[in-house]
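Data block below; observations after.
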Amino acid sequence: MTLTKLRNKTVTTDDDLGHNQRIGMPIEVFCLERKQTIAFGKIQSFTNGKVCINGNHYCRDQYVLFGFPAQ
């Protein structure tokens, strides 16, 4: 994983997630432990603690989420 991706594509705030959900942009859920992508798809819903992609819920504090940050 490159530093550029971490800096420019990480979505962390509710605004970032809401932006990706509104425009229909898929996000990537990356596991740092396994060092691999575990999910990729459009956001179905999200809360303060979880994001739902393809019917599966992922804890926001356990995974790195990549997408298109709100500007």
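Read-outs: derived from the displayed coordinates by stated rules, not from any lab. Predicted model, so just to flag it, every value in this text is computed and none were measured. When we count neighbours, we look across all protein chains shown, and the Cβ atoms used for this are built from the backbone with ideal geometry, even at glycine.
What to note about this one:
- Total charge dipole magnitude, the chain, about the Cα centre, Cβ charges on Lys, Arg, Asp, Glu only, Debye to nearest 20: 200
- DSSP-defined beta bridges in region 8-66 - what % are antiparallel, rounded to 5: 100
- Residue among Ala39, Thr10, Phe66 farthest towards the positive dipole end of region 8-66, charges placed on Cβ: Ala39
- Helix-only CD estimate at 222 nm, as mean residue ellipticity for the chain, using -39500 (n - 2.57) per DSSP H run (n ≥ 4): -6500 deg cm²/dmol
- Distance histogram in 5 Å bins (all Cα pairs of region 3-71, percent per bin): 4, 18, 33, 29, 13, 3, 0
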